[in-house]
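Engineer: Take this structure, written in structure tokens, and hold onto it; I'll ask about it next.
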Amino acid sequence: MDQALHSRITLSVNGEKRALPEGATVADLLAEIGLAARKVAVERNLEIVPRSQYGATVLASGDAIEIVHFIGGG
Amino acid sequence: MDGMTETQDDLWEVAGRRFRSRLVVGTGRYKSLEETAASIAASGAEMVTVAVRRVNLSDASAPMLQDFVPPDRYTYLPNTAGCHTAQEAVRTLRLAREAGGWNLVKLEVLGPPPFLYPDMAATFEAAAALLADNFEVMVYCADDPVAAKRLEEMGCVAIMPLGAPIGSGMGVVNPYMIRAIKSQAKVPVLVDAGIGTASDAALAMELGCDAVLLNSAIAHSQDPVRMAVAMKHAVLAGRAAFLAGRMGRDYKADASSPMDGLIRKGG
């Protein structure tokens, strides 16, 4: 159990605290939430993460992640 | 050339994209995504505005706008609704560009309630930042011919002055200024905001505008699909009337029937 705790990172996703395994990528995060990559955009610490980089972008403890999509608007 | 052919070929163009429909509709304020989809289809619009918001993490399987209003069928025009600073607007549209993969956007930076009138100082600042970042900016703005011209000179691809405050349904309260802005513009001019019913949309088109952008007029009507149809026809009618060129106004009557050949008792 202690081992498992040590191997996890804590970050903020859309303002909510979330724990992920160390080494998790943006692609892993989207998969865990259950989101299709082609329908969202991701910002990490105020920088856009290009969709092509989701699999290569490793998350770190303390990251502030925003995941957005299109909704109805005028 | 007959009238029908002319109407069918009457396209308008913004940022290199051509559209047949001169009605641009918002996708907000509907009761459901089903109603959104049905109303937009009925409006005949080819371009729709959309907002950018956080995904609901607790229900990622919830239906999304894109499933009902497919981006391969409609040109999405992401907006900056809710942004009150240039910085927020730029950040929002950078995300929109990544989500949608296109750079045609609607910039709106609003002042405080109750009027949500365009904050032009912040709008200029945001427009400059977006243009420098290679966005193609359709800009919501005050009904101010000087401001409109400046936005065009900065490189905005369409000028979108308000007819009346957002969601007010007050119609085109400033026809003189809308006409003034259109008369000096080299890029498309759209009346954006304030339209309440079909005659308002027709008036905007009769003034010579290239298109009309509206949302609440359809979404907040009692029967959105029927109002969407009304708006479609209103825009077509207003456009045709503009192209036809209205007759002059006169304070005195001018009989339509000839005075010659009247029958007279005992003639």
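The values are calculated or read from the model by the stated rules, or taken from the named source; none is laboratory data. Model, not experiment: these values are computed from the prediction. Using ideal geometry, Cβ is built from the backbone for each residue, glycine included, and neighbour counts are taken over all protein chains shown.
Engineer: Can you spot a residue in region B:127-134 that is within 20 Å of B:GLY167 (Cα to Cα), more than 13 Å from chain A (Cβ to nearest Cβ) and of a type in the set (A, V, I, L, M, F, W, C)?
Structural biologist: Within region B:127-134 (the criterion being within 20 Å of B:GLY167 (Cα to Cα), more than 13 Å from chain A (Cβ to nearest Cβ) and of a type in the set (A, V, I, L, M, F, W, C)), the answer is no, since none of the residues qualifies.
Engineer: Can you tell which of B:GLY16, B:GLY82, B:GLY28 is surrounded by 17 or more Cβ atoms within 10 Å (Cβ to Cβ) and among the small types (Gly, Ala, Ser)? If you could, list the steps in order and put the result at the bottom.
Structural biologist: Working: B:GLY16 fails: surrounded by 17 or more Cβ atoms within 10 Å (Cβ to Cβ); B:GLY82 fails: surrounded by 17 or more Cβ atoms within 10 Å (Cβ to Cβ).
The match here is B:GLY28.
Engineer: Going by the structure shown, is B:GLY44 among the small types (Gly, Ala, Ser), touching a residue at least 12 places away in the same chain (Cβ under 8 Å) and more than 9 Å from every other protein chain (Cβ to nearest Cβ)?
Structural biologist: Values: among the small types (Gly, Ala, Ser): yes; touching a residue at least 12 places away in the same chain (Cβ under 8 Å): yes; more than 9 Å from every other protein chain (Cβ to nearest Cβ): yes.
Spelling it out, B:GLY44 is indeed among the small types (Gly, Ala, Ser), touching a residue at least 12 places away in the same chain (Cβ under 8 Å) and more than 9 Å from every other protein chain (Cβ to nearest Cβ).
Engineer: Now for a different question. Kindly check whether there is at least one residue in region B:31-41 that is in contact with a Gly (Cβ under 6 Å, 6 or more places away or on another chain) and outside any helix (DSSP H, G or I).
Structural biologist: no
Engineer: Condition first: aliphatic (A, V, I, L, M) and in a loop (DSSP other than H, G, I, E, B). Now tell me which residues in region B:196-209 satisfy that.
Structural biologist: Once the filter is applied, which keeps residues that are aliphatic (A, V, I, L, M) and in a loop (DSSP other than H, G, I, E, B), region B:196-209 yields only B:LEU207.
Engineer: Next question. If only one of B:ALA60, B:ALA121 is more than 10 Å from chain A (Cβ to nearest Cβ), among the hydrophobic types (A, V, I, L, M, F, W, C), surrounded by fewer than 19 Cβ atoms within 10 Å (Cβ to Cβ) and out of contact with any Ser or Thr (no Cβ under 9 Å at 6 or more places or on another chain), which one is it? Give the derivation first.
Structural biologist: Details: B:ALA60 fails: more than 10 Å from chain A (Cβ to nearest Cβ).
Answer to the check: B:ALA121.
Engineer: If you go through region A:5-43, how many residues are closer than 23 Å to B:TRP102 by Cβ, at the interface with chain B (Cβ under 8 Å from one of its Cβ atoms) and not in a loop (DSSP other than H, G, I, E, B)?
Structural biologist: Matching residues across region A:5-43 total 4.
Engineer: Then there is this: Given (1) among the aliphatic types (A, V, I, L, M); (2) in contact with a helix residue (DSSP H, G or I) (Cβ under 9 Å, 6 or more places away or on another chain); (3) modelled with pLDDT of 95 or more, where does B:VAL146 come up short, assuming only one miss?
Structural biologist: For B:VAL146, the failing item is (2).
Engineer: Test each condition in (1) touching a helix residue (DSSP H, G or I) at 6+ places or on another chain (Cβ under 6 Å); (2) more than 11 Å from chain A (Cβ to nearest Cβ) for B:PRO114 and report the one that comes out false.
Structural biologist: (1)
Engineer: Evaluate region B:100-110: report whether one residue or more is buried (at least 16 other Cβ atoms within 10 Å of the Cβ), among the hydrophobic types (A, V, I, L, M, F, W, C), in contact with a His (Cβ under 8 Å, 6 or more places away or on another chain) and more than 14 Å from chain A (Cβ to nearest Cβ).
Structural biologist: So far as region B:100-110 goes, yes, one or more of its residues are buried (at least 16 other Cβ atoms within 10 Å of the Cβ), among the hydrophobic types (A, V, I, L, M, F, W, C), in contact with a His (Cβ under 8 Å, 6 or more places away or on another chain) and more than 14 Å from chain A (Cβ to nearest Cβ).
Engineer: What number of residues within region B:172-195 are in a loop (DSSP other than H, G, I, E, B), more than 14 Å from chain A (Cβ to nearest Cβ) and touching a residue at least 24 places away in the same chain (Cβ under 8 Å)?
Structural biologist: Selection size over region B:172-195: 6.
Engineer: Within the set of pairs 6+ apart or on separate chains, which have a first residue in region A:51-74 that is away from chain B (no Cβ under 11 Å) and touching a residue at least 24 places away in the same chain (Cβ under 8 Å), a second that is assigned to a loop (DSSP other than H, G, I, E, B) and not β-branched (Val, Ile, Thr), and C-beta atoms under 8 Å apart?
Structural biologist: These pairs meet every condition: A:VAL58/A:GLY23; A:VAL58/A:ALA24; A:LEU59/A:ALA24; A:ASP63/A:ASN45; A:ALA64/A:ASN45; A:ALA64/A:LEU46.
Engineer: Could I ask something else about it? Inside region B:70-86, can you point out the residues that are within 9 Å of chain A (Cβ to nearest Cβ) and touching a helix residue (DSSP H, G or I) at 6+ places or on another chain (Cβ under 6 Å)?
Structural biologist: Matches in region B:70-86: B:TYR76, B:PRO78.
Engineer: Checking A:VAL58 against (1) aliphatic (A, V, I, L, M); (2) surrounded by fewer than 19 Cβ atoms within 10 Å (Cβ to Cβ); (3) over 21 Å from B:GLN87 (Cα atoms); (4) out of contact with any Ser or Thr (no Cβ under 9 Å at 6 or more places or on another chain), which single condition isn't satisfied?
Structural biologist: Failed condition: (4).
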